[in-house]
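Scroll down for the structure; my scribbles are underneath it.
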Amino acid sequence: DDLMEFLSSNIEYNCAPRALCADCLLSLDMISVELVNSISILEPFGTGNQLPKFVVPNVKIVSAKIVGNNHIAFTVLDEKGNSLRAISFRSLNTKLGDILLKEVCPVSLLGTLTISSWDSRSCVNFRLEDISSYPFL
């Protein structure tokens, strides 16, 4: 009975892949400042009009580092060499943070796109909400 209880509670939790629910699938070469600016015409975002979420499939995590008190900044690369800067807020000492800091690959990311501007230059950043180490189908 104890074995059955253990297996039924742990197998479902640890082995069942969770779905990444997104509005669109994007490859890194599709992501640009122009794309994010185009998405901004859908504003204002909030209840009833959620900020679009995107899946970026099959990328490699590189250069992961802790920033601030408990955030992780990192870069992802695809097989063509395209890159994207990303951040995961409040993820240090979580399963998500552990995956990022170990630089597991390939992974698929779920999150939103933002633009950051500095010194008269703009670039796209990805705000990570979830990650999957399962192959993207």
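Per residue Cα convex hull volume for the stretch 46-120, in cubic angstrom? Let's see the in-between values first.
Numbers: hull volume 10.1 nm³, N = 75.
Enclosed volume per residue, from the Cα hull, is 135 Å³.
Can you give the accessible area of I39, probe radius 1.4 Å, in Å² rounded to 10?
Accessible surface of I39 is approximately 30 Å².
Would you calculate, for the chain, the mean residue ellipticity at 222 nm contributed by helices, counting each DSSP H stretch of 4 or more residues as -39,500 (n - 2.57) and dividing by all residues, to the nearest 500?
Working: 3 runs with 29 residues, N = 137.
Helices in the chain give a 222 nm mean residue ellipticity of -6000 deg cm²/dmol.
In what order, largest first, do M30, M4 sit by accessible area if the probe radius is 1.4 Å?
On the way: M30 100, M4 130 Å².
So, going from the largest accessible area down, we get M4, M30.
For V55, V62, give the ranking by accessible area with the largest first, probe 1.4 Å.
Details: V55 10, V62 30 Å².
The residues order as V62, V55, largest area first.
To one decimal place, what Kirkwood hydrodynamic radius in Å is obtained for the chain from all pairs of distinct Cα atoms?
Working: mean 1/r = 0.0612 Å⁻¹.
About 16.4 Å, per the Kirkwood formula over Cα pairs.
In degrees from 0 to 90, rounded to the nearest 10, what is the angle of the helix 2-15 Cα long axis to the longest principal axis of the chain?
Its long axis makes an angle of about 20 degrees.
By per-residue mean of other Cβ atoms within 10 Å, what is the highest-first order of 41-47, 93-99? Numbers along the way, then the final one.
Numbers: 41-47: 8.4, 93-99: 14.1.
Highest to lowest by the protection proxy: 93-99, 41-47.
State the number of lysine pairs found in the chain whose Cα atoms come within less than 18 Å, restricting to pairs 8 or more positions apart or on distinct chains.
Working: K60/K80; K60/K95; K60/K102; K65/K95; K65/K102.
Lysine pairs meeting the criterion: 5.
The values are calculated or read from the model by the stated rules, or taken from the named source; none is laboratory data. All figures in this text were calculated on a predicted structure; none of them were measured in a lab. Using ideal geometry, Cβ is built from the backbone for each residue, glycine included, and neighbour counts are taken over all protein chains shown. What goes into the accessible areas is simple: the full protein's heavy atoms, side chains included, and nothing from ligands, DNA or RNA. Shrake-Rupley method; radii C 1.70, N 1.55, O 1.52, S 1.80 Å.
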